[in-house]
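Peer 1: Pasting in a structure now, in structure tokens, and then I'll have a few things to ask.
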Amino acid sequence: MSPDPWIWIGAFLTLMIFSFLYKDNPFYKFGEHLFVGVANGYYIALYWHNSLKPNLFDQLAAGNYIYIVPLLLGLMYFTRFIPKVSWLVRIPIGFMIGWGAGISIPAYFQAEILRQLQGTVVTPESFIDPTNGIWAMIILIGVVCTLIYFFFSREHKGFLGHTSRLGIIFIMIGFGASFGYTVMARVSLLIGRIQFLLGPWLGLIQ
Amino acid sequence: MKWYDIISKIDRRIIYLLLTIFVILPFFIPFTIPQNIMPQTRKLFDFVESIPPKDKAVIISFDYTPQTMPECRPMAIALLKHCFARNIPVIGVSFDPQGPGLAVEAFATVVDELNSCATSSSDSIMYGRDYVYLGWKSGRLAALLEMGESIVSVFPVDHFRNAVDSFPLMQRITNYKNISIAIILAAADYPIDWIRYPQTRYGVKVGAGLTAVMAPQYYPYVQTGQVSGMMSGMKGAAEYEKLVLDHGYARILGTAETGMNSQSMIHILIMAFIILGNVGYFFSRKK
């Protein structure tokens, strides 16, 4: 067993959280509240020391008074709590929306629409390797059928009905893959904790 | 109560108990379930393998969190061993506030292990010469774009408050032109920002090491080549560990490979429960 008190604290907190699997209890509640408190404290300290202090207050202290502008913009968010001047909050929100839209729209189109469309197009080069060609065809059929499933301007009958049903199959396969990966992720978290309890705490495994 | 009612209404606590037993057993009963290397993991390994030594750096963005350590930490360890063994400079950054402590721990683990076998300064791993950890930065979109012009302007000081331009490594690595690939180890949707901004604007190659929950979302980007390679969850980490071991860059397997035995056992158990539940449901409906 580990002589390190921090390992023991970690082990007991892990067991406190796991105790919820049996039923809700005060040990679980203690662990949960402690986690929320510690996480809040960590974030406040990190943002103060790594963001607010060096990027704003140190700059103002050094005489860079242009930083009053972001300070005022930031403070305007708090005007929501003062009904008489709450309209001022629109200024920083407008600033953020303008900046965000300007920076995101071209990048989003390029990375997520044009490149993805390009990846769906089947060309003669796709069949240089026949296996790749087959997969390229499956991707094309999957994309088209899934899009048809979400086309609601006409009733899904006849050709539209058949293709949208094929689209549902592709969507279900996607959901199945996501579910499988989610199970794997959650089990990984359990394995990690068990490795910690059996290894560093109890010393039963390397 | 009929048998089909029993199997479709198993107490959840029994399921939890069986899950725990199935996770623990493989640690004490030695057996190995062979793991196939998935193409996206091999692509990432081959990409790092193709980077010339002591030339362009690899950026590793440590954006995972303590709860996702079982998946992402083995990726970080295997990746660092691979880069250091091939003399590829590494620049660590974090855009998730929970990343810094985990990044420092991962660097320390690998550097201590490699330096314990070193005989001279030339074959040891030195901070500032072979790697740096620049720390966490808020406002990641602006930071990601600005790093294309100058990394030092975004990170004037490193995580330990040293001037970044004083490091020999950072005197020759100025911006994305000197970066071979940025590999994002993430428990949240950080890699997409690297694809949208540094890749679209500066052509930065992007690799990813993701939690299994996020992996399906990134397959389309692997297919289009926007992601140059990807490790998916604990399985991806185990595959990368195996590749690193098989190529002689590590002496022992990491924690992901041992965890995969438990993972496989649990999957068998979950499949059995799904089948039992469906059989119970089918027979109860028939009645």
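Rule-based calculations on the coordinates, nothing more; no lab input. All figures in this text were calculated on a predicted structure; none of them were measured in a lab. Backbone-built Cβ (ideal geometry, glycine too); neighbour counts: all protein chains shown.
Peer 1: Using the per-residue mean of other Cβ atoms lying within 10 Å as a proxy for protection, in what order, highest first, do the peptides B:84-95, B:172-183, B:67-78, B:230-241 fall?
Peer 2: For the peptides B:84-95, B:172-183, B:67-78, B:230-241, the packing ranking is B:230-241, B:67-78, B:84-95, B:172-183.
Peer 1: Something else: Which residue fluctuates the most in chain B, going by a Gaussian network model with Cα springs under 10 Å, if the choices are B:Val213, B:Val110, B:Val152?
Peer 2: Top of the fluctuation ranking is B:Val213.
Peer 1: Please name whichever of A:Ala177, A:Leu114, A:Val38 sits farthest to the positive end of the charge dipole of chain A, dipole taken about the Cα centre and charges placed at Cβ: Lys and Arg +1, Asp and Glu -1.
Peer 2: Farthest towards the positive end: A:Val38.
Peer 1: Here's a follow-up. Add -39500 (n - 2.57) for each DSSP H run of 4 or more in the protein assembly as shown, then divide by its residues: what number comes out at 222 nm, to the nearest 500 deg cm²/dmol?
Peer 2: -18000 deg cm²/dmol
Peer 1: Quote the convex hull volume per residue of the stretch A:1-63, based on C-alpha atoms, as a whole number of Å³.
Peer 2: 105 Å³
Peer 1: For chain A, what is the charge dipole size about the Cα centre, in debye to the nearest 20, if Lys and Arg each add +1 at the Cβ and Asp and Glu each add -1 at the Cβ?
Peer 2: Using Cβ point charges on Lys, Arg, Asp and Glu, chain A gives about 620 debye.
Peer 1: Taking each full run of DSSP H in chain A as one helix, which ones are at least 15 Å long along their axis (Cα atoms) and have mean Kyte-Doolittle hydropathy of at least -0.5?
Peer 2: Flagged H segments are A:5-18, A:26-47, A:90-108, A:130-149, A:158-196.
Peer 1: Here is a follow-up. Return the Cα extents of chain A along principal axes one, two and three, sorted largest first, each rounded to a whole Å.
Peer 2: 64, 59, 38 Å, listed from the longest principal axis down.
Peer 1: Could you compute the net charge surrounding A:Met76? Neighbours are other residues with a C-beta less than 14 Å from the C-beta of A:Met76; K and R count +1, D and E count -1.
Peer 2: With Lys, Arg at +1 and Asp, Glu at -1, the net is +3.
Peer 1: Also: Could you let me know the centre-to-centre spacing of the stretch A:1-35 and the stretch A:90-129, using Cα atoms, in angstrom?
Peer 2: The stretch A:1-35 and the stretch A:90-129 have Cα centres separated by 45 Å.
Peer 1: Quick check for me: using +1 on Lys/Arg Cβ and -1 on Asp/Glu Cβ, what's the dipole size of the protein assembly as shown about its Cα centre, in debye to the nearest 20?
Peer 2: About 1480 debye.
Peer 1: Follow-up. Take every Cα pair under 8 Å in the stretch A:126-206 that's 6+ residues apart, average their separations, divide by the length, and report that relative contact order as a whole percent.
Peer 2: 20 percent
Peer 1: Stretch A:Leu204-A:Asp4 to full length: gain in nm at 0.36 nm per residue minus the Cα-Cα span?
Peer 2: In short, 70.4 nm is gained.
Peer 1: By how many nm would the segment from B:Asn178 to B:Glu49 lengthen if fully extended, with 0.36 nm per residue of separation less the alpha-carbon distance?
Peer 2: Full-extension gain reported as 44.7 nm.
Peer 1: Still on this model: Normalising by the residue count of the stretch B:1-106, find the relative contact order in percent from Cα pairs under 8 Å and 6+ residues apart.
Peer 2: Rounded, it is 29 percent for the stretch B:1-106.
Peer 1: If you don't mind, there's one more thing I want to ask. Dipole size in debye (nearest 20) for chain B around its Cα centre, Lys and Arg Cβ +1, Asp and Glu Cβ -1?
Peer 2: 980 debye
Peer 1: A further question follows. Choose one answer from A:Leu34, A:Leu73, A:Leu21: the residue with the largest mean-square fluctuation in a GNM of chain A with alpha-carbon springs under 10 Å.
Peer 2: A:Leu21
Peer 1: Related question: Considering Cα pairs under 8 angstrom that are at least six residues apart, work out the relative contact order of chain A and quote it in whole percent.
Peer 2: Value for chain A: 19 percent.
Peer 1: Okay, next question. For a quick check, take a GNM of chain A with Cα springs below 10 Å and name the residue from A:Lys53, A:Lys29, A:Lys84 with the largest mean-square fluctuation.
Peer 2: Looking only at A:Lys53, A:Lys29, A:Lys84, the largest GNM fluctuation is found for A:Lys84.
Peer 1: OK, next. Report the local net charge at A:Phe196: Lys and Arg +1, Asp and Glu -1, summed over other residues whose C-beta lies under 13 Å from its C-beta.
Peer 2: +1
Peer 1: Just to be sure I understand the rule: take each whole DSSP H helix in chain B, project its Cα atoms onto its long axis, keep it if the span is 30 Å or more and its mean Kyte-Doolittle hydropathy is at least 0.0. Which ones pass?
Peer 2: TM-like helix candidates: B:255-286.
Peer 1: Among A:Gly63, A:Pro5, B:Pro66, whose Cα sits farthest toward the positive end of the charge dipole of the protein assembly as shown (+1 at Cβ of Lys/Arg, -1 at Cβ of Asp/Glu, about the Cα centre)?
Peer 2: Ranked along the dipole, the leading option is B:Pro66.
Peer 1: Based solely on C-alpha atoms, express the radius of gyration and the Dmax of the protein assembly as shown in angstrom.
Peer 2: Cα radius of gyration and Dmax of the protein assembly as shown are 25.5, 82 Å respectively.
Peer 1: Over chain B, how many percent of alpha carbon pairs lie in each 5 Å bin up to the one with the longest distance?
Peer 2: Here the calculated profile for chain B is 1, 5, 11, 15, 17, 15, 11, 7, 5, 5, 3, 2, 1, 1, 0, 0.
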